[in-house]
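Below: the structure, in structure tokens.
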Amino acid sequence: MILYPAIDLKDGQAVRLLRGDMDKATVFNDDPAAQARAFVAAGCDWLHLVDLNGAFAGAPVNAAAVEAILAACDVPAQLGGGIRDMATIEAWLSKGLARVILGTVAVENPDLVREAARAFPGQVAVGIDARNGMVATKGWAEETDVNATDLARSFEDAGVAAIIYTDIQRDGAMQGPNVEATAALARAVSIPVIASGGVSSIADLVALRDCGAALNGAISGRALYDRAIDLKEALTVLRG
């Protein structure tokens, strides 16, 4: 199971939000590229990047910070936030991004997800962000009546590389991930699933790894910044 250190970008800085609230942002590093280098130095295999401003704006906002990270690091990175048309997908992948994450458009324009997955095999993931099992879009600001599992199943034949499932109520709260819901989603589809939201200890990572469902990975942010999880130790445990 791959551990994805998260770098959430707001106004050019690396931050963490509490349950997706932009007014509850804690700045952890005003140099995101330096933060990325630190994660890579600790041995991570991937980076998980989010353009928070972009998620609300519907277009890239923190492009300069993302490009600086890509230039500074030699591990693959995935990015979500504000990627809502083919031109933006093509632009990011051409700049060296390994994978784009499509969230809002997975609900509003699923045909785009399918088109992109065909055009860029292995480089398109679907981000499913849920509150009480129902999908939220546009930086989690808008509720939908779409069930998270139903949405995941709708892409079963689309060729997407992964589903990134975030439990919004757990995100940034340091209360542990929703292992049960994540495992249920992973069992419902054949697409690799990456868990996100609430990972606050190595024990949480082990619980996800051993949940009985084939999880591809887990994302952690605040716990790494708060040093509740030592990245080197966590990587050793997951690889062992």
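Summary of computed values
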| read-out | value |
| --- | --- |
| Most fluctuating residue given options V126, V146, V199, as computed from a GNM of the chain linking Cα atoms under 10 Å | V146 |
| Share antiparallel - DSSP beta bridges, the chain, percent rounded to 5 | 30 percent |
| Charge dipole of the chain about the Cα centre (unit charges at C-beta), most positive-ward option of I202, Q123, I164 | I202 |
| Cα-centred dipole magnitude for region 10-96, charges only on beta-carbon of K, R (+1) and D, E (-1), debye, nearest 20 | 180 debye |
| Test item: Cα-centred dipole of region 39-172, Lys/Arg +1 and Asp/Glu -1 on Cβ, debye | 200 debye |
| The chain - charge dipole about Cα centre, Lys and Arg +1 at Cβ, Asp and Glu -1, debye rounded to 20 | 420 debye |
| Mean accessible surface per residue for region 32-159, computed with a 1.4 Å probe while every protein chain stays in place, in Å² | 40 Å² |
| Residue-wise HN-Hα coupling along region 66-74, computed from phi with Karplus coefficients 6.51, -1.76, 1.60 (Hz; x: Gly, Pro) | 5, 5, 5, 5, 4, 6, 8, 10, 10 |
| Under-5 Å amide H pairs with G221, H placed in peptide plane, nonlocal only | A6 |
| Label selected from [x] 1.10; [y] 0.90; [z] 0.95, the criterion being Cα Rg over 2.2 N^0.38 Å as computed here | [y] |
| Per-residue [θ]222 nm for the chain (sum of -39500 (n - 2.57) over DSSP H runs n ≥ 4, rounded to 500) | -10000 deg cm²/dmol |
| Carbon and sulfur %, accessible surface of the chain computed with the full protein complex present, 1.4 Å | 46 percent |
| Distance in nm between pseudo-label sites at A119 and N29 (7 Å out along the Cβ direction from Cα) | 3.2 nm |
| Most positive-pole-ward Cα, P5, A36, A25, against dipole of region 1-50 from beta carbon charges | P5 |
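The values are calculated or read from the model by the stated rules, or taken from the named source; none is laboratory data. Computed from a prediction, not measured in an experiment: that's the story for all the values here. Counting neighbours? That spans all protein chains shown, and the Cβs are built from the backbone with ideal geometry, glycine included. Protein only, heavy atoms only, side chains kept; ligands, DNA and RNA dropped before computing areas. Shrake-Rupley method; radii C 1.70, N 1.55, O 1.52, S 1.80 Å.
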